[in-house]
């Protein structure tokens, strides 16, 4: 990694933590400049605009999601073990962000604001749905899931559990959210099995 | 309904529509005064503070939720018919709010802000979980759901579908969200049946 790329990487990590707590909309070039101790013009050279900065933060999150959730799951055996790995990896994912899953907070902020950030969120959520659908379809082909399972419905149910987990955790704060979500996922697997 | 109660009711309906689009936090007494064409002091006489106004909007939503979702479902036969009625009534609920389900938007705004609004949201969400848990337990007692079903997990899964529906609808806007959520609910019922 060259010096320029290293600096950009460092800035993006600070930007990610700020965005996770404050929301992407609060992530201005001015605030970020103060946080990393650089000039605003120096940051503009890296990111051109606030929207590009917001997009870069999400793109960095995606690289990390692929590295920490998708790639390790793909190394598991095809079928249910891979579906389970996707679930467990995903469940651990938001813990590394101070304000919770960066996509989730971004979707809440941007779902009614047309633009490149919203487009990117739609695209990545479609990719995630497709990855889950494919994993379910493979589990069906391997004979782990029943033949009449609809893989797309399974993927939707998986995503629903994710959203339920976030809400339960942030609203109730009673320490039971992970166990409850695992129970619900186990039920989902049970109903999907051949 | 006396004149005072009638005025309060009218103000609350305007407040509800404003809050649904802009969020509860944007619902100031000043903005509401301009919208309904009253003085700020006149509104203060009704609501005392911004927090009390926010709480009143949510309490009015709860009255409506009980009237439109809970009460009609309770008139259905005990067991699966009642669970299905809760689902169908709930699925139609957010359509009457211009910016979507008022609890959902309020939870996103207030889950990290301690105070009477957050406390109220936690309380009403617990009530809703309890209502769903009770409905599932009755379905089990009636022999519609299997004996080893965990009613609390069922209630959690039901709520997860709600959250998934909202996100799917607001993010993808492809008209498929309701059908997809119904499919997922049908799967959930299928796995719960005796």
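Each value in this text was obtained by applying a stated rule to the coordinates, not by laboratory testing. A quick note: this is a predicted structure, and the numbers were derived from the prediction, not measured. Positions of Cβ are backbone-derived with ideal geometry, glycine not excepted, and every protein chain shown enters the neighbour counts.
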With no solvent and one equal point scatterer placed on each C-alpha of the stretch B:27-88, evaluate the Debye formula and give log10 I(q)/I(0) for q = 0.15, 0.17 Å⁻¹, two decimals.
-0.58, -0.64
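Efficiency by 1/(1 + (r/R0)^6): what FRET value for residue B:44 and residue B:68, r their Cβ-Cβ distance, R0 = 35 Å, to the nearest 0.05?
Values: r = 30 Å, r/R0 = 0.87.
With a Förster radius of 35 Å, E is 0.70.
Contour minus end-to-end for residue B:21 and residue B:116, with contour as 0.36 nm per residue of separation and end-to-end as the Cα-Cα distance?
Numbers: separation 95, 0.36 × 95 = 34.20 nm, distance 2.15 nm.
Net length gain for the segment: 32.0 nm.
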At residue A:4, with labels set 7 Å past Cα in the Cβ direction, how many nm apart are the copies from this one, shortest first?
7.1
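In deg cm²/dmol, rounded to 500, what helix-only [θ] at 222 nm does chain B give when every DSSP H run of at least 4 residues adds -39500 (n - 2.57) and the total is split over its residues? Working shown, then result.
Values: 10 runs with 143 residues, N = 194.
Result for chain B: -24000 deg cm²/dmol, rounded to the nearest 500.
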Label geometry 7 Å along the beta-carbon vector: residue B:114 inter-copy distances in nm:
4.3
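Under 8 Å for C-alpha pairs, at least 6 residues apart: give me the relative contact order for the stretch B:51-192, rounded to a whole percent.
Details: 105 pairs, mean separation 30.3, N = 142.
Worked out over the stretch B:51-192, it gives 21 percent.
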Can you pull the Rg over Rh of the stretch B:135-194, Cα-only, Kirkwood?
1.08
How much FRET efficiency would the formula 1/(1 + (r/R0)^6) give for residue B:134 and residue B:59, where r is the Cβ-Cβ distance and R0 is 25 Å, rounded to 0.05?
0.65
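Would you mind computing Rg(Cα) / (2.2 N^0.38 Å) for the stretch A:1-64, counting N as its residues? Provide the component values of the computation, followed by the final result.
Details: Rg = 10.6 Å, N = 64, 2.2 N^0.38 = 10.7 Å.
Rounded to two decimals, the normalised Rg is 1.00.
Taking a ≥ b ≥ c as the square roots of the eigenvalues of the Cα gyration tensor of the stretch B:91-183, is the shape rounded (a/c under 1.5), prolate (a/b larger than b/c) or oblate? Walk me through the numbers before you get to the answer.
On the way: a/c = 2.57, a/b = 1.24, b/c = 2.07.
Oblate is the answer for the stretch B:91-183, as a/c is 1.5 or above yet b/c matches or exceeds a/b.
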List, shortest first and in nm to one decimal, how far the label point of residue A:148 (7 Å from Cα along Cα→Cβ) is from its counterparts in the other copies.
2.2
Given the Cα-Cα distance of residue B:141 and residue B:123 and 0.36 nm per residue of separation, how much length would full extension add, in nm?
3.8 nm
Distance from the stretch B:140-194 to the stretch B:60-98 (C-alpha centre basis), Å
15
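Which shape class, rounded, prolate or oblate, goes with the protein assembly as shown when its Cα gyration tensor gives a ≥ b ≥ c as root eigenvalues, a/c under 1.5 marks rounded, and past that a/b bigger than b/c marks prolate?
Here the protein assembly as shown falls in the oblate category.
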What list of whole percents do you get for P(r) of chain A, with Cα-Cα distances grouped in 5 Å bins up to the one holding the largest distance?
1, 7, 15, 17, 17, 14, 11, 8, 5, 3, 1, 0
